[in-house]
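These notes concern the structure reproduced below.
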Amino acid sequence: MNIILDCDPGQDDVISLLLAMASPGELEILGVTTVAGNVPLALTQRNARIVCEIAQRKDVKVYAGCERPMLRKLVTAEYVHGDTGINGIEVYDPCHPLEAQHAVDYIIETIRSSEPGTITLVPTGPLTNIAMAFVKAPDIVAKVKSIVLMGGAMREGGNCTPSAEFNIFVDPQAAQVVFECGRPLTVMGLDVTHQVLCTSDRIERIRGLGSKAALAAAGMLSFFDQHDTAKYQSAGAPLHDPCTVAYLLQPGLFEGRQCNVSIETQSELTMGNTAVDYWHVTDKPRNVNWIFAVDAEGFFDLLVSRLARYSD
Ligand code: RIB
Ligand code: CA
């Protein structure tokens, strides 16, 4: 399966990247595109390049994309992820190169030159790059096989306003473009990601693997745990972004329902809300496979088994 990973690393984006990079037999990573989100673009692109070095994946190309949302001012989340975006490990200036091409142009060129229905987009940050590609080159939309993204919330409520999840809140206009694009959409919202908690046992299970990659993952997750366990009084932080890649690898771990999901882009009070028509009370198009359940143990078994593939 050919994929483009679009991300804003962020510790949970890092785990998602490591999971994908440990699965070369199943996932062909055409490229990693980065966007402003958890931290500004200069850091998300650097962090993605650090991950490629941790994963020893010199072959993976990293592109920098949009440094601000389509319309709104950038909102970042250092309060969750730390100033580097990947607190929990020593960051440095990586040798892994940043490609010169803008991520939006890379997405356009790659999809345009591909066989129709062969590329899956996997966004785990604000959807600015994906939306800008679709606006700049509408012809590529029909060629996209599917989109599996992390974003939104229904029963769980918002995590950055009472009614909005961060990725959608940062760029609601971009989210509207993507949710209305007409291609198969699978959406991992907080309703499912809040079921996969990085408990200390699970972090120690990862740390026990002993490789540099596993130790880096455990270090980042230990930091990542701090904010959300205090906020939710939970046993661990929700491991949001890797749910996307886990779905690509083992969709049977998840349960979803095809329904309409629309994005609030008018009201400042509910800006970025994902209005999920779970009970089909409207006749709006059922544009999203809304994921609401996961086998959390199975998810972590998959994650640990793939992280175990890394050796020093
Ligand atoms: O709300 C969680 C999402 O926002 C995750 O993708 C996290 O990395 C941040 O981008
Ligand atoms: Ca993210």
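A few points about this structure:
- Residue ID - farthest from ligand 2 (Cβ to nearest atom), chosen from residues in the stretch 88-135 that are assigned to a helix (DSSP H, G or I) and closer than 24 Å to Leu18 by Cβ: Thr110
- Considering residues of the stretch 234-251 that are buried (at least 23 other Cβ atoms within 10 Å of the Cβ) and in a loop (DSSP other than H, G, I, E, B) only, the residue farthest from ligand 2 (Cβ to nearest atom): Leu239
- Checking Leu209 against (1) assigned to a loop (DSSP other than H, G, I, E, B); (2) farther than 23 Å from Val91 by Cα, the condition it does not meet: (2)
- Which numbered condition Thr186 fails, given (1) within 13 Å of ligand 1 (Cβ to nearest atom); (2) in a strand (DSSP E or B): (1)
- Residue match in the stretch 189-206 (condition: among the aliphatic types (A, V, I, L, M), modelled with pLDDT of 95 or more, in a loop (DSSP other than H, G, I, E, B) and farther than 28 Å from Leu307 by Cα): no
- The one condition in (1) in a helix (DSSP H, G or I); (2) within 15 Å of ligand 1 (Cβ to nearest atom); (3) modelled with pLDDT of 95 or more that Lys231 fails to fulfil: (3)
- Residues of the stretch 20-60 that are within 14 Å of ligand 1 (Cβ to nearest atom), under 25 Å from Ser311 (Cα atoms) and touching a Leu at 6+ places or on another chain (Cβ under 6 Å): Val51 alone.
- Pairs are defined by a Cβ separation below 9 Å, a sequence spacing of at least 6 or placement on different chains, a first member in the stretch 111-127 that is of a type in the set (Lys, Arg), and a second member that is more than 11 Å from ligand 1 (Cβ to nearest atom) and in a loop (DSSP other than H, G, I, E, B); the pairs so defined are Arg112/Ala137.
- Among the candidates Val288, Val276, the residue that is under 19 Å from Ala175 (Cβ atoms), crowded, with 20+ Cβ neighbours inside 10 Å and more than 19 Å from the chain's Cα centre (by Cα) is uniquely Val276.
- Residues that are among the charged types (D, E, K, R) and surrounded by 22 or more Cβ atoms within 10 Å (Cβ to Cβ) number at least 1 in the following strands (runs of 3 or more DSSP E) confined to the stretch 1-87: 2-7.
- Breaking point among (1) surrounded by fewer than 20 Cβ atoms within 10 Å (Cβ to Cβ); (2) touching a strand residue (DSSP E or B) at 6+ places or on another chain (Cβ under 8 Å); (3) within 29 Å of Gln173 (Cβ to Cβ), for Ile107: (1)
The values are calculated or read from the model by the stated rules, or taken from the named source; none is laboratory data. Note that this is a predicted model, so its numbers are computed, not measured. Note: ideal-geometry Cβ built from the backbone for every residue, glycine included; neighbour counts use all protein chains shown.
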